[in-house]
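Below is one structure, written out as structure tokens; the observations come after it.
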Amino acid sequence: MTVSPTSSNRSLVDVHNLHVSFDTQDVLRDVTLRVRRGETVAIIGESGCGKTVLLKSIIGLIRPTSGSVHFDGNDLASLNDRELTQQRARFGYVFQNAALFDSLTVGQNVAFPLRQHRGYSPARVRDLVLTRLAMVGLPDSVVSQKPAELSGGMRKRVGLARALIMNPELILYDEPTTGLDPIMSDVINELMLRTKSENENDVTSIIVTHDMRTAHKVADRIIMVFPLSRLEPDEPQLIFDGAPEKLDHCADRRVSQFINGEAGERLTELQQASSARGL
Amino acid sequence: MLAVLEVGWWFAVTPALSRREREKETELGMSTGTADRRPRRGLAEGMHEVVVDWGTVAIEAVVSVGDLVLFCMRILSWMFTRMPRRETLLPNFYQVGVMSLPVVALTGTFIGMVLAVQSFWQFRELGLETRLGAVINMSLVRELGPVLAATMLAGRVGSAMAAELGTMRVTEQIDALASMGANPIHYLVVPRFLACLFLIPTLTVMADFMGVVGGYFFTVEILGIDKHHYWHNSQQFVGVFDLLSGIFKSLFFGAAIAMISCYRGFHCLPGAEGVGRAATAAFVYSFVMILILDLFLGVLINSVYYTFWPEGVSFL
């Protein structure tokens, strides 16, 4: 994680010595990470390693146990409810299961951030919503449907439309392609790329994924997080940080095992761990 | 002497042991059985664990009460700084007010009739059956109307709120709200709180009214007591103060139901089980709170009453 002094000045997200624990369980330890404006970073790692916790810490949904998260120079933990609300208008968050409000229609869901932050007329809001939905490939007819009536892929695209409607500076994607068929996954990849190119590379994205195709196709930089439970106390939790091309030549066995999807000795390790616990 | 110590030691250590086993069970997702029960330890270690256990219980209790108080403070601070929008308020008012009316009215009617049935024979023995109006209507407006309306609200609306907010928590909808710059307390909790606070008095009045009607119907139409004396006695003993004291109490009940239920929903544990527990806990805690508040408010109202009207009232 060597960052040159010039680039550090332009970093949009600055995570410094972040430590997050729930009750007695440590999830993140001493994580330091800088994301520059315009960069697309993929965070990879196996399930339960703390990727989503890291993402939610970046947006201030989870408060750090220690350490700090700065967004554009503001320490999120020190902001009050109102200031945090203002900052969050600059984020877009695509949730793993879309997290659409099921009491509202698709149209109301997509319009939600606009109604919250902008005093636009209903006609203008409707136009913007329809344009956004068309961009993610959804017809006008879905506007009045409830999220429960949509398929998984459609829900994810509605979630994407909702996250993008405010033209956010930072978009956080939480496993955007998980649970979708290969073609729909690639549609989402294309949408992420298009969002970037349409905004003249001014938009910064952080993508949490374990889909290596997404990581290679969309990201400029890949970071791999490793579960704390399998690390020695002095080992860093981010075991890889670099360009996607370098990932394939990484000497670390843990990284190559993950990107090639090899179980290796994992099953034996898991069995040993469970028997050690007295099963 | 030793035997006493031994027994005391076991009593003290058993909770700690069972707690550890429970932890182990949840960790593994299954029971460990009795095979690996830990060996006995010394008295000092046992005492140490008792202190640790009680300390943990005390700390957890303080933390959760503090958490609830902070939650309530946030509700109040948002309520006074920015009113929620009409479109978030109206559905909640509809749910709490309109949809709860039938069930509250029905409960009120029946409780009025039940009061008549239960007290009729005793009062008849004394030849005081015409005083039933005073007894039934006084119990209704001071006590049963507010408490029953609140109980029905806790059961119908409180648990539904906890389940709804709990599901929103579990499916990340609350996080989604926050991520879009909408404060979840302001958007989700304040409208529910206001709906409960403003509409519980109307529900109480409804329960009172239907109870009075039910009591009158059973006493006069079925048990055949003289209508004129029934109303005359009611009028003599039940005053505006009694009605208002019931309504005053109901405001506190409504606030408690909304705060407890929303808090439970917000702090819901993951999964279907978590949502179910949140809904149950919302009702149970609300109900207990209603009764506790009822006692203290009752004492308070009585002391106010006797300060202004020291001679008091007598039914007999």
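General observations
- Elements of the type strands (runs of 3 or more DSSP E) sitting completely within the range A:195-278 and holding at least 1 residues that are of a type in the set (S, T, N, Q): these cover A:204-208.
- Within the range A:250-266, the presence of a residue that is on the phi < 0 side of the Ramachandran plot, in contact with a Lys or Arg (Cβ under 8 Å, 6 or more places away or on another chain) and of a type in the set (Val, Ile, Thr) is excluded.
- Number of positions in the range A:100-117 that are more than 8 Å from chain B (Cβ to nearest Cβ) and surrounded by 17 or more Cβ atoms within 10 Å (Cβ to Cβ): 8
- Sole residue being part of a strand (DSSP E or B) and of a type outside the set (Lys, Arg), chosen from A:Gly119, A:Gly92: A:Gly92
- Qualifying residue in the range A:227-235 (condition: surrounded by fewer than 21 Cβ atoms within 10 Å (Cβ to Cβ), under 24 Å from A:Val13 (Cβ atoms) and in contact with a Cys (Cβ under 7 Å, 6 or more places away or on another chain)): yes
- Selection status of A:Leu54, hydrophobic (A, V, I, L, M, F, W, C) and part of a helix (DSSP H, G or I): yes
- When the range B:74-110 is filtered for residues that are without any contact (Cβ under 8 Å) to a residue 12 or more places away in the chain, of a type in the set (Lys, Arg) and surrounded by 13 or more Cβ atoms within 10 Å (Cβ to Cβ), only B:Arg85 remains.
- Residue that is farthest from the chain's Cα centre (by Cα), among those in the range A:133-164 that are away from chain B (no Cβ under 14 Å), in a helix (DSSP H, G or I) and touching a residue at least 24 places away in the same chain (Cβ under 8 Å): A:Ser144
- Selection from the range B:117-160 of residues that are closer than 13 Å to B:Ile200 by Cα and buried (at least 24 other Cβ atoms within 10 Å of the Cβ): B:Gly145, B:Pro146, B:Ala149, B:Ala150, B:Leu153, B:Ala154, B:Val157, B:Gly158
- Where A:Ser197 falls short, out of the listed (1) without any contact (Cβ under 8 Å) to a residue 60 or more places away in the chain; (2) over 19 Å from A:Arg37 (Cβ atoms): (2)
- When B:Leu223 is tested against (1) more than 30 Å from B:Gln173 (Cα to Cα); (2) of a type outside the set (Ser, Thr, Tyr); (3) surrounded by 22 or more Cβ atoms within 10 Å (Cβ to Cβ), just one condition goes unmet, and that condition is (3).
- Answer from B:Met168, B:Met113, B:Met161 - the residue that is in a helix (DSSP H, G or I) and away from chain A (no Cβ under 14 Å): B:Met113
- Test: residue in the range B:13-29 that is of a type outside the set (Gly, Ala, Ser), surrounded by 14 or more Cβ atoms within 10 Å (Cβ to Cβ) and modelled with pLDDT of 90 or more: no
- Taking the range B:197-316 and the helices (runs of 4 or more DSSP H) fully enclosed by it, the elements with 3 or more residues that are under 14 Å from the mean Cα position of the chain (by Cα) and hydroxyl-bearing (Ser, Thr, Tyr) are at B:240-266, B:271-308.
- Selected residue (criterion: farthest from the other protein chains (Cβ to nearest Cβ)) from residues of the range A:72-99 that are within 15 Å of A:Leu33 (Cα to Cα) and acidic (Asp, Glu): A:Asp75
- A:Gly38 vs. criteria surrounded by fewer than 21 Cβ atoms within 10 Å (Cβ to Cβ) and either part of a strand (DSSP E or B) or within 14 Å of chain B (Cβ to nearest Cβ) (or both): no
- In the set B:Trp121, B:Trp78, only one residue is touching a His at 6+ places or on another chain (Cβ under 6 Å), in a helix (DSSP H, G or I) and hydrophobic (A, V, I, L, M, F, W, C); that residue is B:Trp78.
- Boolean, A:Leu172 is touching a Ser or Thr at 6+ places or on another chain (Cβ under 9 Å) and either surrounded by 12 or more Cβ atoms within 10 Å (Cβ to Cβ) or without any contact (Cβ under 8 Å) to a residue 60 or more places away in the chain (or both): yes
- Being out of contact with any Gly (no Cβ under 8 Å at 6 or more places or on another chain) and more than 30 Å from B:Glu221 (Cβ to Cβ) is a condition met by no residue of the range B:113-122.
- Taking the conditions (1) in contact with a Leu (Cβ under 9 Å, 6 or more places away or on another chain); (2) closer than 30 Å to A:Thr40 by Cα; (3) at pLDDT below 80; (4) not basic (Lys, Arg) in turn, A:Asp241 satisfies each one other than (3).
- Residue within the range A:61-71 that is over 17 Å from B:Ile174 (Cα atoms), in a loop (DSSP other than H, G, I, E, B) and more than 14 Å from chain B (Cβ to nearest Cβ) present: yes
- Boolean, A:Leu170 is modelled with pLDDT under 85 and over 16 Å from A:Gly107 (Cα atoms): no
- Residue among B:Pro201, B:Pro191 that is away from chain A (no Cβ under 14 Å), of a type outside the set (S, T, N, Q) and over 19 Å from B:Met113 (Cα atoms): B:Pro201
- For B:Leu177, the test of being within 14 Å of chain A (Cβ to nearest Cβ), in contact with a Phe, Trp or Tyr (Cβ under 9 Å, 6 or more places away or on another chain) and in a helix (DSSP H, G or I) is passed.
- Checking the stated criteria, B:Phe237 turns out to be more than 30 Å from A:Asp102 (Cβ to Cβ) and not acidic (Asp, Glu).
- Residue in the range A:197-213 that is closer than 25 Å to A:Met154 by Cβ and exposed (fewer than 13 other Cβ atoms within 10 Å of the Cβ) present: yes
The values are calculated or read from the model by the stated rules, or taken from the named source; none is laboratory data. Bear in mind that the values here come from a model prediction, so they are computed numbers and not experimental data. Positions of Cβ are generated from backbone atoms using ideal geometry, with glycine treated the same way; all protein chains shown enter the neighbour counts.
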